[in-house]
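A short write-up of the structure that comes next.
The values are calculated or read from the model by the stated rules, or taken from the named source; none is laboratory data. This one's a predicted model, so the numbers in the text were calculated from it and none came from an experiment. Every residue, glycine as well, gets a Cβ built from its backbone with ideal geometry; the counts of neighbours run over all protein chains shown.
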Amino acid sequence: MIDVRKDFPLTQKVVYFDNACTTLKPQQVIDAVVGYYKDFPGCAVRSQHRLAKRAHKEFEAARVRIARFVDAKPEEVIFTKNTTEALNLAFSSIARKGKAVTSVMEHHSVLLPLRKNFSQIEYVKPDLKGDFAEQAWLEAVGGASVVATHLVNNTISTSPPLHAIVKAARESNALVVVDAAQGVPHKKVSFRKGGFDLMAFSGHKMLGPTGIGCLIAREEVQKEMKEFMVGGGTVETVSLEGQAFFSNVHRFEAGIQDYAGGIGLAAACDYLDKVGLEKVALHEKAVADALDKRLTELGVEVIGSKNRGGLVLFNVPGVEPHEVELLLDELAAVAVRAGAFCAMPALAHLGYPKGAVRASCYLYNSLQEVDRFADAVKQIKALSGR
Amino acid sequence: MVLCIVALVVFAVLGIFSAKYREYAREAFGCVTRTVMLRPCDTGFDTKIKVKITSKLSRLSPKLGQSVFKHYAFVSMFFAVLFFGSMGYSAFSLYNYFAFGNCNGPESSAFCAINALTGKTELKKPLNFDGLAYGDPSAPNVLIEYGCFTCFYTRQSEHGLKAFIANRSDVYYVLKPFPVLSHNNSYEAVQAAFCADEQGKFGAFRPLLFDNQDVILSEGVAGLARLAVNASLDSGKFLDCMASKRTVPLVEKYLSEGKQVGVYGTPTFFFNNRSAVGPLDVENFQKFASGQPFAIQTVFDDGACPAPLGALK
């Protein structure tokens, strides 16, 4: 098991099982963010003084480190505010329309931009446990121009058969857009080997700061994409008659960028690389399995497939999900999330339209925390009298 | 919604004393506002309150926490009804207190919490009919007054009192002088009253006492002596009486009686089984005497000269 709790002092005060929403930050990331503001808060590219030059240098170096982290090229890394903006950028910018294929298990940040930009959408449904049949995807992807799916689901942390989906998409000449917000923080992801065309993720879900995310876009796909937000930083020249946009990722990065965020995200990537994502995945699976076991022993309903990662979805009989959330905080300083997790169709499909409680693990959670969590759930169950 | 109204009142009051409750008051206010505007209250405030209460209770007693959690809707409704009921009853009591001087209503001199807070304790029936009397002692009705010669309100009541007893041969009126000791020379004024009574001239002396309160307050015994002359008292005997302090035991007797009865302000009237504190005009004296609701003759204050704590010698 990993032991990095000393890098996360908050773990002494709170049992933090809300990592699917956002994660705690190690001091290394905080120092990197503060370092920008303290030492070189300059305007990269635009100005040429030493602060600006350093800001530019560090920001582009961050781009390189992030690209390496997801096995992509720096020229493929577009900085955004978060996964939602990245997906909006992706679906708004790509020229091709036609049929889009996605699943009912997607986050609203996939579904809503898809609906905004595509009039024809087909939804693939898993079984009631959340496991997808490969065949369902293969049948749907035929004739699609875009396939949008998740790397890891944010409600039950299952994964679709991506390899088969990508293969089928290639045969249909469909673009593959992957919501990797819950994938990149938790397991080694190779954009290149995955065969994806576009991949989105956020910094704050992987120990990084809020306000920064990435859209990884293959250079060939970038050529198909029209500009999303335009303004300073996206153009080589502007006259009253017209403008010439950059041909590289900068044409998608309008305005002053979140330099501190990018630098902080790179620091988070370095931290995770140092710990080892394979170890992170094993660690959080072990913690999640322990959670699952303790909840099941308590007679609590654990929802979803057992083919899951580091996240457990559950409901306590006789207690509303939001009450469980508040009681866990009140009784034992345990942080979880309750509701539909911005995935209402997913919860409805699984049979829980009123929502559920989600405990999501990460590298700093421990088995002792599982004990504390289980004791609190036991108290809550006792309240309901069941 | 009901819980939000209760919570708004409770946390607004608590928020005056402690900042940590102000956020709850704000949330409750938001919930109430939304409901009043026919929008759903989706703040989750009621859930938060439920969790706060049941988690605290379950720490004290798991069984109690469980019971409250399971029956929370009923428990919250019960306490909400209790809350509104007690608010209504408190408002009614406040009305009674300001209208009739006792929060139990015009017919009552029973214990009232407001009276206790303000030092105005329950009035008991006077022990006897001793005092400076007027009328037929065998009359079926007795009107007793605890009054102070230097009290503005006792003076204010004189006109109505005089008009009332003038037309009531069935009423035996007794004045038990009760000096408000925070007034200068109030004690001496009562001594003087008894000195006048020794000479059988209290009837003539009484109106001069009330009409010259400023003289008593500022000149003391010298002023009282001049008033005695004006009332055709024997000046020498009057001064001798005052100097000898032989009427002091009488003053003390009525002060002690008033304390036992629970007099907290002057004038205090007792008509058979009813009591009233404050000045009354003739119309309200009639209502007071006939058992009807009446009003004391003051608008902005409680209409009585207070007997301060420790005032009795």
* To do: Sort out which residues of segment A:328-354 are within 11 Å of chain B (Cβ to nearest Cβ) and closer than 26 Å to A:Ala181 by Cβ, and write them in order of number.
  => A:Leu328, A:Asp329, A:Ala338, A:Gly339
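Residues are listed down the side, and each one gets a yes or a no for (1) among the aliphatic types (A, V, I, L, M); (2) surrounded by fewer than 16 Cβ atoms within 10 Å (Cβ to Cβ); (3) assigned to a helix (DSSP H, G or I):
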| site | (1), (2), (3) |
| --- | --- |
| A:Ser159 | no, no, no |
| A:Ile165 | yes, no, yes |
| A:Val184 | yes, no, no |
| A:Met199 | yes, no, no |
| A:Lys205 | no, no, yes |
* **Evaluation of B:Gln260 against (1) modelled with pLDDT of 90 or more; (2) more than 10 Å from B:Tyr146 (Cβ to Cβ); (3) not acidic (Asp, Glu) (one fails), failing number** => (1)
* To do: Exactly one condition in (1) among the acidic types (Asp, Glu); (2) modelled with pLDDT of 95 or more; (3) closer than 25 Å to A:Ala346 by Cβ is not met by A:Glu301; state its number.
  => (2)
* Asked: Quick check, is B:Lys287 touching a helix residue (DSSP H, G or I) at 6+ places or on another chain (Cβ under 8 Å) and among the charged types (D, E, K, R)?
  -> no
* **Cβ pairs under 6 Å, 6+ apart, first in segment A:342-355 and under 14 Å from A:His107 (Cβ atoms), second outside any loop (DSSP other than H, G, I, E, B)** => A:Cys342/A:His108
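To keep it simple, each residue is scored yes or no on (1) in contact with an Asp or Glu (Cβ under 6 Å, 6 or more places away or on another chain); (2) within 21 Å of A:Val146 (Cβ to Cβ).
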position: A:Asp71; (1), (2): no, no
position: A:Glu76; (1), (2): no, yes
position: A:Phe79; (1), (2): yes, no
position: A:Thr84; (1), (2): no, yes
position: A:Ala90; (1), (2): no, yes
position: A:Gly98; (1), (2): no, yes
position: A:Ser103; (1), (2): no, yes
position: A:His108; (1), (2): no, yes
position: A:Leu111; (1), (2): no, yes
* Within segment B:46-105, considering residues that are closer than 17 Å to B:Ile5 by Cα, more than 35 Å from the chain's Cα centre (by Cα) and of a type in the set (S, T, N, Q), the one nearest to the other protein chains (Cβ to nearest Cβ) -> B:Thr47
* Would segment A:303-321 turn up any residue that is within 14 Å of another protein chain (Cβ to nearest Cβ), free of Cβ contacts under 8 Å to residues at least 40 places away in the same chain and closer than 17 Å to A:Glu106 by Cα? -> no
* To do: Looking only at segment A:260-280, decide whether some residue is modelled with pLDDT of 95 or more and touching a His at 6+ places or on another chain (Cβ under 7 Å).
  => yes
* Just need a number here: residues in segment A:355-386 that are closer than 16 Å to A:Pro321 by Cβ, more than 13 Å from every other protein chain (Cβ to nearest Cβ) and not aliphatic (A, V, I, L, M). => 3
* Structure fact -> Apart from one, (1) surrounded by fewer than 22 Cβ atoms within 10 Å (Cβ to Cβ); (2) within 14 Å of chain B (Cβ to nearest Cβ); (3) touching a residue at least 12 places away in the same chain (Cβ under 8 Å) all hold for A:Glu325; the odd one out is (1)
* Residue satisfying condition, being under 30 Å from A:Gly142 (Cα atoms) and among the charged types (D, E, K, R), within set A:Lys13, A:Lys6, A:Lys99 -> A:Lys99
* Asked: Is it the case that segment A:257-274 has a residue that's within 14 Å of chain B (Cβ to nearest Cβ) and more than 26 Å from A:Ala133 (Cα to Cα)?
  -> no
* Can you give me the number of residues within segment B:247-291 that are polar (S, T, N, Q), closer than 15 Å to B:Ile144 by Cβ, crowded, with 16+ Cβ neighbours inside 10 Å and out of contact with any Cys (no Cβ under 9 Å at 6 or more places or on another chain)? => 2
* Lone qualifier among A:Glu122, A:Glu106 - being acidic (Asp, Glu), in a loop (DSSP other than H, G, I, E, B) and within 26 Å of A:Asn82 (Cα to Cα) -> A:Glu106
